Amino acid sequence: MEARAISGYVSIGGFVRYAIGVQEGWPIFGKDHIIQNIEEFEGLCEKYGLHVTRRVCKSTLGTYAKKWNEECKDLSEEARLERVMQKSEVQDFARQAWTLETALMAEAKGIFAHVTRDKRYSTEKLLNDISFLMAPGVFENLPEVAQYDFSQAGRCIAFETPTAAAFHLMRGTEDVLRWFYKSLVKRGRKQLMWGPMVSHLASRRNAPPQVLLNNLDNLRKNFRNPTQHPEKIYDIQEVQDLLALSLDVVNRMVKYIHPQKPEGDGTSIEGSENE
């Protein structure tokens, strides 16, 4: 998928109206004048997949550009800049532009743009910067797979595929939990499964905060396990709630392993000792 600014589509339509309204005395050569506009229009048609319109342009207005270039090929740049639209050319040029508009409108009817709707989270952040929704420094410390899953979850929410987003959120959170567990437990590890890991962490002498363990267990029981079954379908509001829950536990796990320095203090905070 490629992100495209809609300004390109606006420019395509604007050029056609410009060509229809061309007047006697308008400069043909030089920056922002007729030939350059024709060339830029063809380039935009290529970029936005309007291949039929591009071919029609080449066979209509493009013939004028070719004729003018051939006519003035031996002139100096100064002389070329003096070549302007003649009265005898205006009517036919406009007629060719009307033909181009007909082709553009016909082709445009078969092209659809899918526009994202506003959510509780910024669409821009969901699509391109999921790290912004996490506490500072958290995303950079996540395992690579978790970074991938949270980025994909954001895109799924932006494009309103909530059940797919839930899968990625649970995958990403479980990957962070495995990293968290292995960071704290060096010996006698349990199976790297959500339930056994949380239970083992809770039993340790220096257990992580109870609020984190409770939230992890809540996610496992009420979201992670049901998400694995085909009857569970999320709606867009529910998955945004799940995103908030997932971000909370991920922030807590990363900050527990990599505590941040307090504001205005140059000293670091020591984490829990490993067993």
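Bear in mind that the values in this text are calculations on the coordinates, not laboratory data. Remember, it's a predicted structure, so these values are computed and weren't measured experimentally. For neighbour counting, all protein chains shown are included, and Cβ atoms are generated from backbone atoms with ideal geometry for every residue, glycine included.
With the charge dipole of region 154-230 set up from +1 on Lys and Arg Cβ and -1 on Asp and Glu Cβ about the Cα centre, the Cα lying farthest toward the positive end among the listed residues 185, 208, 154 is that of 185. Here region 1-40 was treated as a single set of alpha-carbon atoms; its pair distances binned every 5 Å from 0 give 6, 20, 26, 22, 12, 7, 4, 2, 1 percent. Mind giving me the FRET efficiency for residue 233 and residue 95? R0 is 41 Å, r the Cβ-Cβ distance, nearest 0.05 is fine. Approximately 0.15, to the nearest 0.05. Comparing 246, 183, 59 in a Gaussian network model of the chain (Cα springs below 10 Å), the most mobile by mean-square fluctuation is 59.
Rg over Rh for region 122-189 works out to 1.05, using Cα positions for both radii and the Kirkwood form for Rh.
Of the peptides 202-210, 24-32, 8-16, the order by per-residue mean of other Cβ atoms within 10 Å, starting with the highest, comes out as 8-16, 24-32, 202-210. The convex hull drawn around the Cα atoms of region 82-181, when projected onto a plane and averaged over every direction, covers 12.3 nm². Among the GluC sites (Glu not before Pro) within region 135-228, not one is in coil by DSSP while having at most 12 neighbouring Cβ atoms inside 10 Å.
Working note: Debye formula, equal point scatterers on the alpha-carbon atoms of region 1-141, no solvent; log10 I(q)/I(0) at q = 0.15, 0.20 Å⁻¹ is -0.78, -1.17. Other residues with beta-carbon under 15 Å from the beta-carbon of residue 143 carry, at +1 per Lys or Arg and -1 per Asp or Glu, a net charge of -2.
Evaluated at q = 0.10, 0.14 Å⁻¹, a Debye calculation over the C-alpha positions of region 116-275 (equal weights, vacuum) places log10 I(q)/I(0) at -0.37, -0.71.
Dimensions of region 1-76 based on its C-alpha atoms, expressed as ranges along the principal axes with the largest first, amount to 45, 21, 20 Å.
Computed over the chain, the alpha-carbon pair-distance distribution with 10 angstrom bins reads 6, 22, 19, 12, 11, 12, 11, 6, 2, 0, each value a whole percent. In a DSSP loop and with at most 10 other Cβ atoms within 10 Å, the trypsin sites (Lys or Arg not before Pro) in region 96-129 are 109, 117. When the chain is treated as a Gaussian network with alpha carbon springs shorter than 10 Å, the biggest mean-square fluctuation among 130, 35, 236 belongs to 35. Taken over region 62-111, the ratio of Cα radius of gyration to 2.2 N^0.38 Å equals 1.53. Couplings 3J(HN,Hα) of region 47-59, computed from phi: 5, 9, x, 8, 6, 5, 4, 4, 5, 5, 4, 4, 8 Hz, in residue order, whole Hz [Karplus 6.51 cos²θ - 1.76 cosθ + 1.60, θ = phi - 60°; x for Gly and Pro].
The fraction of Cα-Cα pairs per 5 angstrom bin, counted from 0 for region 157-206, comes to 4, 20, 25, 17, 11, 9, 8, 5, 1 percent, rounded to whole percents. When you filter the chymotrypsin sites (Phe, Trp or Tyr not before Pro) in region 134-216 for DSSP loop state and at most 10 other Cβ atoms inside 10 Å of their Cβ, nothing is left.
Relative to the longest principal axis of the chain, what angle (0 to 90°, nearest 10) does the C-alpha long axis of helix 61-71 take? The two axes meet at around 60 degrees. Of the peptides 86-92, 37-43, the order by per-residue mean of other Cβ atoms within 10 Å, starting with the highest, comes out as 37-43, 86-92. Taking only the Cα atoms of region 156-243, the ratio Rg/Rh comes out at 1.03, with Rh defined as the Kirkwood radius. Expressed as an acute angle from 0 to 90° and rounded to the nearest 10, what is the orientation of the C-alpha long axis of helix 162-184 relative to the principal long axis of the chain? So the helix axis and the longest Cα principal axis differ by about 50 degrees.
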